[in-house]
Each structure stands twice: as structure tokens, then as C-alpha cells.
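Below: one structure, written as C-alpha cells.
The values are calculated or read from the model by the stated rules, or taken from the named source; none is laboratory data. Treat the numbers as computed from the prediction; the structure is a model and nothing was measured. When we count neighbours, we look across all protein chains shown, and the Cβ atoms used for this are built from the backbone with ideal geometry, even at glycine.
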Amino acid sequence: MADRYLSFTGTTPGRFLTRRLGLPQPTALHRWSAEHPYFTGELLHLSAGKSPLDGPDGLAAVLGRTGLAVRARSERPVAVVLDATGVTDIDTLAEVHAALHPVVRSVARSGRVIVLGAPLGTADHHQAAVQQALEGFVRSLGKEIGRGITVTLLRLTDANAAESTLRFLLSPKSAYVSGQVIGIGGGAEVTAPADWALPLAGRTALVTGAARGIGEAVAATLARDGARVVCLDVPGAAVELDSVAGRLGGTALPLDITAPDAGARILAALPSEGLDVLVHNAGITRDRRLVNMALERWSSVLDVNLASVLRTTDALLSAGGLATGGRIVATASIAGLAGNAGQTNYAASKAGVAGLVRALAPNAAAEHGVTVNAVAPGFIETKMTAAVPLFIREAGRRMNSLGQGGLPVDVAETTAWLAHPASGGVNGQVVRVCGQSLLGA
Ligand code: NAI
């Protein structure tokens with residue numbers, strides 16, 4: 001179901017009327033397209049405190065490779081990167097205000113503000129306080145800046161390990177990711193691709209629930225990035241699945257992911273080199289308040305959304321089905337992080353996915369060279385959300401900093417970034433793709 005309000009506010013009379021009535025004015029977001037794959041314009045590079053990322057092969061060199069014109073001053077930047085890794089006390093924290101206060105108004109529509117912070121966990125409580133302060137700062141700026149601009153905090157110690165992340169955040173691919181805190185470091189090996197436009201060339205990716213919706217978009221985006229895709233969905237969706245796989249030059253694997261032998265059947269369907277990217281996207285809802293929820297509704301949701309993710313992950317990892325440098329991306333949900341009336345089963349399953357990701361990530365990286373992360377979508381325009389009653393749908397669309405729902409491709413682009421060979425430093429993260437939804441932190 002199209003977002004007619006967003007289309008209306010994009011017209012001159014629509015803008016005039018909604019402004020007069022004091023209604024929200026969402027900005028049409030700039031997303032990736034083959035014609036306009038990158039931002040063009042200036043990137044304003046600022047800093048607060050003495051940055052440990054400076055140096056000949058440091059942050060400036062990485063930013064220079066994003067294709068944007070890096071400047072120390074800009075009248076109309078499309079992106080601002082504020083390096084606050086050197087913020088250690090109240091005085092250097094004040095430099096964050098001093099740097100951004102004069103420039104926030106000049107950032108272009110659908111642009112980016114990225115704040116770089118140091119990892120938490122320092123013993124110095126002054127430094128810990130001001131580094132944690134950056135989270136409140138970034139989340140508040142994301143809520144107030146408007147005009148489709150996203151604001152993100154990236155914690156890092158090595159700019160080179162963050163290159164795929166910076167390229168993602170500084171591109172139209174991250175249009176619906178805002179208000180997030182992403183940590184880089186301590187993961188698996190970081191491998192720069194031979195061709196940044198085809199980072200998954202020669203790699204095989206399996207996507208569950210690929211016959212439609214978000215899974216179909218994930219398969220298409222990974223195929224765009226060069227992967228051979230194996231598209232898995234229930235046998236009942238075989239016709240749609242064949243059509244998706246055929247269009248993407250991939251293969252279809254009709255299989256119910258809850259089958260006890262699903263892991264073995266996936267392994268049998270893979271090329272001998274195994275899998276490079278495993279995307280656990282299949283998911284179902286069976287909503288009822290707990291008082292009215294029969295056991296079957298509980299078990300079916302837990303089985304598809306969590307138990308099968310645990311089973312197939314274990315089966316593939318223990319059989320060596322994921323190649324070194326592999327990536328696992330699971331699908332959580334903001335409902336799982338924030339909780340939602342009528343969704344005790346669904347939220348339990350999706351919170352469980354986040355728990356699985358955080359616990360498995362360090363072990364999978366150490367033992368298999370594989371990273372494990374999750375995407376947590378917010379309100380995404382799919383058949384599932386089109387079926388939601390109008391009033392609740394409108395609330396879901398507007399109750400986020402960007403004032404609109406996301407598209408399946410927004411989740412797909414985030415998945416592709418996590419699947420990237422140079423994203424080895426991103427591990428154990430649960431990244432919300434929710435336009436900074438008001439639900440949950
Ligand atoms: P969808 O219902 O359009 O697609 C899900 C796909 O998974 C379907 O093709 C379905 O046949 C498949 N599937 C279900 N059970 C399966 C099984 N046992 N074995 C194999 N395949 C199975 O859903 P949508 O909206 O594309 O969601 C995809 C994922 O994103 C799900 O995990 C969902 O929970 C999650 N999500 C979606 C949000 C949204 O706003 N659409 C928000 C938050 C999370």
C-alpha cells in the first residue's frame with residue numbers, strides 16, 4: 001500500500017497545506033539506484049579533541065575513498081563526519097557542540113551526520129561519561145534534525161576496519177538507518193574486495209523466506225552485489241520462489257526451515273565450498289494477547305523465528321558449511337527489542353535472535369572466522385504491514401524520526417553491508433533499520 005501522505009507532502013500544494021496545518025512533513029529519502037548509486041557533493045570532516053584516528057593512512061584517507069569531496073569547511077555538505085574519538089572530558093565534549101552547532105542547519109536534505117566515538121569500557125570514568133554522552137547527543141540530534149537527515153554514532157579504533165561501514169553510512173543505501181550506535185572491532189578478518197561495486201563476487205548467499213517481501217529484496221540486493229543466491233522458502237511458495245530465483249540467476253530451495261533435517265538439506269544443496277552468507281529472514285507472526293494465546297501460536301512462532309535459526313546455524317557451523325570469512329545475518333525486530341501488546345510470542349522470538357547473535361558472535365569469529373549480526377526492522381512497507389488496520393499503520397509510519405515507513409530494500413541494503421567482506425570488524429551488532437522509531441531505545 002503506497003504512502004499517499006508522503007507523496008502528497010512532496011508536492012508544492014501538499015507542502016503548503018501540511019505546513020499551515022502543522023502536520024508532519026516527511027522528506028522523500030534519497031535511496032540507491034543504478035543511475036544514482038552515490039551521494040555527490042561535499043563531506044565536511046570535523047573533529048573534537050585530539051583524535052587517535054589522525055595519521056597518513058587514517059580516517060582522512062578512508063573518507064577520501066568514499067567519492068565525496070572532503071572539506072574542512074562547506075556551505076552545503078551532503079554529509080558531516082565529526083570525529084569525537086578524542087573526546088575525553090567535559091571540555092572536549094564541548095567541542096562537539098562547537099563543531100556541530102554552526103553547521104547542522106546547512107546539511108543537505110536526506111544527508112548524513114556521523115559522529116565517531118571511542119569504544120566504551122575505559123577505566124577512566126570521565127572519559128566513559130563523555131563517550132556515553134555521545135549516545136544521548138546523537139539520538140537527540142536524530143530526533144530533531146529533520147529533512148530526512150540521518151544521525152549515527154560509530155565506535156571505532158581503526159578507520160580502515162570501518163571502511164565498508166563508512167561507505168554504507170555515507171551512501172544512499174543507509175537512508176532508513178538513523179539513531180543507531182554501531183561498534184566496530186574485535187570481529188573477524190577484514191578483506192577489501194577487488195571491486196567495491198561487486199563486493200560479493202564469487203560468493204554464495206542463502207536467504208530464507210526469499211519468495212517475497214524483505215527476503216526477496218535481500219536476495220536481489222546480494223545478487224546485485226555479485227553473490228550467487230540460493231533462495232529458500234516453504235514448498236507452498238514454490239512458484240513465487242522459482243520466479244525470484246530465476247530473475248536473479250540463482251537457485252530455488254523449497255524447504256520448510258522448521259523441518260528437523262533442514263540443516264542437512266541446506267548443506268546438500270550447497271556448492272562444495274559451502275556458504276559465504278547465511279541470511280535468516282523467514283519469519284511469521286501469530287498475534288494474540290497472552291491470555292488468549294493457544295500453545296500452537298506460541299510454538300509455531302518460536303519454531304520458525306528462533307528455534308530453526310538456532311538449529312540451522314548450529315548444523316551449518318558444526319559441519320563447516322560456512323566458509324572462513326562467512327557472514328550470518330539474522331532478522332530481529334524492534335518489536336522484539338521494545339515489546340508489543342499481542343506479540344509476546346513474536347517479541348520473545350526476536351529478542352531471542354538478538355541474544356543468539358550477541359553470544360555467538362565472538363565464538364563464531366574466533367573458531368570459524370565468521371561474523372554474526374542482526375538487523376532489526378521497524379515499520380517496513382510489505383504485504384504484512386499493508387494488512388495492518390489503517391490507523392495503526394499510519395501510526396507505525398509516522399512514529400519515527402523520518403516520518404515514514406521503510407522499504408524492504410532498506411533492510412536489504414543493511415544486510416548487504418553486514419555481508420560485505422570488508423565488514424569483518426562488525427560483529428555481534430543488532431542494527432535497527434527503523435528510521436529511529438520511537439519504539440524502544
Ligand atoms: P513476509 O511474510 O512477507 O515474508 C516472510 C517469508 O518467510 C514468506 O515468503 C514465508 O513463506 C517465509 N516463511 C515463513 N515460514 C517459513 C518456513 N517455515 N520456512 C521457510 N520459509 C518460511 O514477511 P516480511 O515482512 O518480508 O518479513 C521478513 C522478516 O522480517 C521476518 O522475519 C519478519 O519477522 C521481519 N520483520 C518484518 C517487519 C515488517 O515491518 N515487515 C518488521 C520487523 C521484522
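On the basis of being out of contact with any His (no Cβ under 8 Å at 6 or more places or on another chain) and either within 16 Å of Val375 (Cβ to Cβ) or within 16 Å of the ligand (Cβ to nearest atom) (or both), does Ser318 make the cut?
Values: out of contact with any His (no Cβ under 8 Å at 6 or more places or on another chain): yes; either within 16 Å of Val375 (Cβ to Cβ) or within 16 Å of the ligand (Cβ to nearest atom) (or both): no.
In short, no.
Just checking, which of Ala264, Ala323, Ala259, Ala282 is closer than 27 Å to Ala201 by Cβ and over 21 Å from the mean Cα position of the chain (by Cα)? Step through it out loud before you land on a result.
On the way: Ala264 fails: closer than 27 Å to Ala201 by Cβ; Ala259 fails: closer than 27 Å to Ala201 by Cβ; Ala282 fails: over 21 Å from the mean Cα position of the chain (by Cα).
After applying the criteria, what remains is Ala323.
Filter segment 254-303 down to the residues that are without any contact (Cβ under 8 Å) to a residue 12 or more places away in the chain, away from the ligand (no atom under 16 Å from the Cβ) and not aliphatic (A, V, I, L, M) and list them by number.
Ser272, Asn292
Any idea which residue in segment 335-385 is farthest from Gln404 (Cα to Cα), counting only those that are hydroxyl-bearing (Ser, Thr, Tyr) and more than 8 Å from the ligand (Cβ to nearest atom)?
From segment 335-385, those hydroxyl-bearing (Ser, Thr, Tyr) are 344, 346, 349, 371, 382, 385; that's our starting set.
Keeping just the survivors that are more than 8 Å from the ligand (Cβ to nearest atom) gives 344, 349, 371.
Working: Thr344: 26, Ser349: 26, Thr371: 31 Å.
Residue satisfying both the conditions and the ranking: Thr371.
Answer with yes or no whether Leu116 is modelled with pLDDT under 95 and within 22 Å of the chain's Cα centre (by Cα).
Numbers: modelled with pLDDT under 95: no; within 22 Å of the chain's Cα centre (by Cα): yes.
In short, no.
Checking the condition surrounded by fewer than 19 Cβ atoms within 10 Å (Cβ to Cβ) and in contact with a helix residue (DSSP H, G or I) (Cβ under 7 Å, 6 or more places away or on another chain), which residue from Ala238, Ala210, Ala188, Ala192 passes? Quick ask: steps written out before the conclusion?
On the way: Ala238 fails: in contact with a helix residue (DSSP H, G or I) (Cβ under 7 Å, 6 or more places away or on another chain); Ala210 fails: surrounded by fewer than 19 Cβ atoms within 10 Å (Cβ to Cβ); Ala188 fails: surrounded by fewer than 19 Cβ atoms within 10 Å (Cβ to Cβ).
None of the other options fit; the residue is Ala192.
Taking Asn345 as meeting all but one of (1) within 23 Å of the chain's Cα centre (by Cα); (2) surrounded by 16 or more Cβ atoms within 10 Å (Cβ to Cβ), write down the number of the exception.
The one condition Asn345 does not meet is (1).
Given the structure, is Pro119 closer than 22 Å to Thr40 by Cα, of a type outside the set (A, V, I, L, M, F, W, C) and outside the structural domain of Leu402 (by TED's automatic domain parsing)?
Values: closer than 22 Å to Thr40 by Cα: no; of a type outside the set (A, V, I, L, M, F, W, C): yes; outside the structural domain of Leu402 (by TED's automatic domain parsing): yes.
Here the answer is no, as Pro119 does not meet what is asked.
Could you check how many residues of segment 203-241 are part of a helix (DSSP H, G or I) and within 13 Å of the ligand (Cβ to nearest atom)? Don't jump to the end; show me each part of the working.
Of all residues in segment 203-241, those part of a helix (DSSP H, G or I) come to 213-224, 235-241.
Cutting the leftovers down to within 13 Å of the ligand (Cβ to nearest atom) gives us 213-220, 235-241.
Count: 15.
Based on what the data block shows, is Ala294 among the aliphatic types (A, V, I, L, M), closer than 14 Å to Val207 by Cα and modelled with pLDDT of 95 or more? Even if it seems obvious, please write down each step before you answer.
Details: among the aliphatic types (A, V, I, L, M): yes; closer than 14 Å to Val207 by Cα: no; modelled with pLDDT of 95 or more: yes.
Answer is no for this residue.
I need the full set of residues from segment 242-253 which are under 17 Å from Ala217 (Cβ atoms) and within 13 Å of the ligand (Cβ to nearest atom), in order please.
Let us first name the residues in segment 242-253 that are under 17 Å from Ala217 (Cβ atoms), namely 243-250, 252.
Passing the criteria: Ser243, Val244, Ala245, Ala252.
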